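Visitor: Structure provided below as structure tokens; questions to follow.
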Amino acid sequence: MRPTLNTDTSIDTFKEYYWLKEELQTFCRNNGISASRSKIELSEQIATFLETGEIRKPVRKSKLTSLPQEALSLDTVITEHHRCSQQVRAFFKSVIPSFHFSSCIQNYFKNNVGSTYRDAVEAWYEEEKRKKDPSYQKQIAPQFEYNQFTRDFFADPDNKGKTRVDAIEA
């Protein structure tokens, strides 16, 4: 049976179980910790708190002022402050009629500062080609640990024939 998350919870027990974001936020609010963070940040803060008692203040990101609008082209360079805006979507749709923002392309923009939109178009087509491979499995980001657990549960041969309810109860 899963324990209740409280200040007596050991760090090992905390890391062993899956916690809903709502549970993490409630714990934070009850212990004077900022609850307005991503689930991963909440988990990291709670782990620090359970280990050391330290409460770290969230780092505030400064809002960027609007960047000047410029004509987009295949030679447009991806910058550190790239945004997936309606203007960018419209540009890519003009080049790739079936284009839509996906986690893959958003990660490409984030991880390939200095590349061009031409490179992003190539990356888009490479991803579309990978998706057609029957063995392709989309990578699940760390913040979606429940989805990863569910995939792993059904991939385990010991769980053959089990249902979604069985996965939830596991």
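The values are calculated or read from the model by the stated rules, or taken from the named source; none is laboratory data. None of the values given here were measured: they were computed from a predicted structure. We place every Cβ from the backbone using ideal geometry, glycine too, and count neighbours over all the protein chains shown.
Visitor: Just one of (1) crowded, with 16+ Cβ neighbours inside 10 Å; (2) in a helix (DSSP H, G or I) trips up Lys110, so point out which.
Guide: Failing condition for Lys110: (1).
Visitor: Please state which of the following conditions Ala71 fails to meet, knowing it meets all the rest: (1) at pLDDT 90 or above; (2) assigned to a loop (DSSP other than H, G, I, E, B); (3) assigned by TED's automatic domain parsing to the domain that holds Thr116.
Guide: Result: Ala71 passes all but (1).
Visitor: In the range 113-122, which residue that is of a type outside the set (Val, Ile, Thr) and surrounded by 12 or more Cβ atoms within 10 Å (Cβ to Cβ) is farthest from Thr79 (Cα to Cα)?
Guide: Glu122
Visitor: I've got another one for you. Keeping to the range 7-29, report how many residues are within 17 Å of Glu54 (Cα to Cα) and part of a loop (DSSP other than H, G, I, E, B). Please lay out each step first, then the result.
Guide: Just the residues of the range 7-29 that are within 17 Å of Glu54 (Cα to Cα), to begin with: 7-11, 14, 24-25, 27-29.
Retained after the next criterion (residues that are part of a loop (DSSP other than H, G, I, E, B)): 7-10.
Number of matching residues: 4.
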